[in-house]
There are 2 protein chains.
Amino acid sequence: MGMNDFIKSPDERMNRQLLFSAEIDKMTSILRRTVLIDKSRRENDAEHSWHIAVMAMLFSEYASEPVDIGRVVQMCVVHDLVEIEAGDTFAYDTAGNEDKAEREKIAADKLFSKLPDDQGKMIRSLWEEFDAMETPDSKYAACMDGIQPFLHNTLTDGHTWVEGGTNRAAVEKRVEIIRDFMPEVYAWVEKNIDAAVEKGWLISG
Amino acid sequence: MGMNDFIKSPDERMNRQLLFSAEIDKMTSILRRTVLIDKSRRENDAEHSWHIAVMAMLFSEYASEPVDIGRVVQMCVVHDLVEIEAGDTFAYDTAGNEDKAEREKIAADKLFSKLPDDQGKMIRSLWEEFDAMETPDSKYAACMDGIQPFLHNTLTDGHTWVEGGTNRAAVEKRVEIIRDFMPEVYAWVEKNIDAAVEKGWLISG
């Protein structure tokens with residue numbers, strides 16, 4: 001049996017919700033550049049989204065503005081859904097990031113139209129808020145989205161940094177939001193950037 | 001570099017939070033019986049937790065009591081954390097389920113003591129609430145925890161049902177909470193149980 005002979009409920013709205021739930025299982029096969037901390041394999045989008053959601057429950061005390069954790073956790077679990085259609089764009093891929101916004105907009109149109117209108121709009125608006133990084137909730141979610149792979153890199157010999165021949169300035173740009181929104185956490189980040197340069201995981205400058 | 005030479009922050013509380021964040025990455029290697037919908041491999045706890053968290057954002061309209069979605073999503077992402085220490089207990093494993101509560105209590109003591117006290121208590125209490133299944137939020141989370149693998153089974157030729165030689169009564173018991181708390185969704189579940197028996201994925205009776 002496959003999706004084509006999905007047994008329907010008489011309720012069309014519920015069918016859309018169930019089929020969307022099945023559709024997003026594809027997040028488990030969208031691989032990121034980051035490896036798991038045990039280095040056994042690359043991490044996927046479902047795992048990453050889950051990981052930053054739990055982290056969002058732990059670090060709010062360092063946020064420089066109050067955040068709504070229940071909302072941020074929802075934002076975290078849906079923030080990468082459009083990659084089901086658009087694929088993952090590596091944070092340090094300059095060319096890929098140039099047309100990322102346009103590709104993801106088309107992906108969002110396609111993906112979220114599978115949900116009942118009101119729910120498609122609700123999830124899309126959380127994703128757009130995340131992407132715009134203008135509200136405290138989205139800034140905090142973006143910090144989690146930065147700290148998690150940073151933590152993985154520090155515990156896996158700088159895996160993605162080394163693989164990409166990354167320089168210090170690129171990482172600093174990527175973690176700017178942590179510097180601005182979570183300065184106490186940034187102190188730890190900075191120490192690790194220094195160490196990564198010393199160890200040769202990052203190119204200085 | 002491994003966890004042993006983790007570069008510390010001068011802030012001991014933050015270290016605990018960061019190390020706990022690294023620790024829970026182990027959820028990605030705890031395999032469940034359920035296979036992914038594309039049947040490529042077994043699902044892991046991180047993926048499952050993420051999946052039910054997103055589903056919790058979609059099905060609350062069928063809950064028979066009001067639920068706090070932001071709270072439920074947090075419950076979903078932490079509900080299986082103790083399996084880092086205790087391992088996954090298959091829903092239809094009678095022997096494994098006999099000492100599950102005791103094993104998981106010991107696991108919780110060990111795992112949550114790694115967090116700052118207040119946060120260990122906060123996550124533990126969400127997990128205990130989930131497990132007791134007495135509040136609307138935990139009943140709703142339990143429904144998601146039941147619907148997700150049920151949906152996977154219906155879309156993968158009854159994978160875990162067939163593998164375990166499962167009978168109809170065992171599945172009905174597993175989804176009792178859906179029958180009681182989300183009757184409209186249960187109508188769809190029941191139709192699929194009927195179909196699964198007809199197709200020979202479930203033993204009738």
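Side notes on the structure shown:
- Within the span defined as region B:1-14, one or more residues are among the polar types (S, T, N, Q), part of a helix (DSSP H, G or I) and more than 8 Å from chain A (Cβ to nearest Cβ).
- Residues that are over 27 Å from residue B:122 (Cα atoms) and within 7 Å of chain B (Cβ to nearest Cβ), drawn from region A:44-57: none
- Among the residues of region A:66-90, those that are assigned to a loop (DSSP other than H, G, I, E, B), in contact (Cβ under 8 Å) with a residue 60 or more places away in the chain and crowded, with 21+ Cβ neighbours inside 10 Å comprise A:67, A:79.
- Residues of region B:182-205 satisfying the condition of being within 23 Å of the chain's Cα centre (by Cα) and either at the interface with chain A (Cβ under 9 Å from one of its Cβ atoms) or not β-branched (Val, Ile, Thr) (or both): B:182, B:183, B:184, B:185, B:186, B:187, B:188, B:190, B:192, B:196, B:201, B:202
- Residue, nearest to residue A:135 (Cα to Cα), within region A:161-181, restricted to residues that are within 19 Å of the chain's Cα centre (by Cα) and within 14 Å of chain B (Cβ to nearest Cβ): A:178
- Taken together, the residues in region A:185-205 that are farther than 20 Å from residue A:165 by Cβ and aromatic (Phe, Trp, Tyr) amount to 2.
- Residues of region B:98-121 satisfying the condition of being within 15 Å of residue B:16 (Cα to Cα) and not hydroxyl-bearing (Ser, Thr, Tyr): B:110, B:111, B:112, B:114, B:115, B:116, B:117, B:118, B:119, B:120, B:121
- Within the option set B:114, B:121, B:105, being farther than 30 Å from residue B:195 by Cα and not in a helix (DSSP H, G or I) holds for one residue only, B:114.
- Looking across region A:21-43, the residues that are more than 7 Å from chain B (Cβ to nearest Cβ) and of a type in the set (A, V, I, L, M, F, W, C) come down to A:27, A:30, A:31, A:35.
- Residues in region A:3-59 that are closer than 17 Å to residue B:58 by Cα, surrounded by fewer than 16 Cβ atoms within 10 Å (Cβ to Cβ) and acidic (Asp, Glu): A:11, A:12.
- Scanning region A:64-85 turns up no residue that is within 23 Å of residue B:56 (Cα to Cα) and hydroxyl-bearing (Ser, Thr, Tyr).
- Positions within region A:102-128 being away from every other protein chain (no Cβ under 14 Å) and either over 17 Å from the mean Cα position of the chain (by Cα) or within 17 Å of residue B:54 (Cα to Cα) (or both), in sequence order: A:102, A:106, A:108, A:109, A:110, A:113, A:128
- Test: residue A:162 is β-branched (Val, Ile, Thr) and buried (at least 23 other Cβ atoms within 10 Å of the Cβ): no
- Listed conditions (1) touching a residue at least 60 places away in the same chain (Cβ under 8 Å); (2) in contact with a Gly (Cβ under 7 Å, 6 or more places away or on another chain); (3) among the aliphatic types (A, V, I, L, M) are all met by residue B:144, apart from (2).
Read-outs throughout are calculated quantities, based only on the coordinates presented, and are distinct from any laboratory measurement. Computed from a predicted model, the values in this text were never measured in an experiment. Cβ: placed from backbone, ideal geometry, glycine included. Neighbour counts: every protein chain shown.
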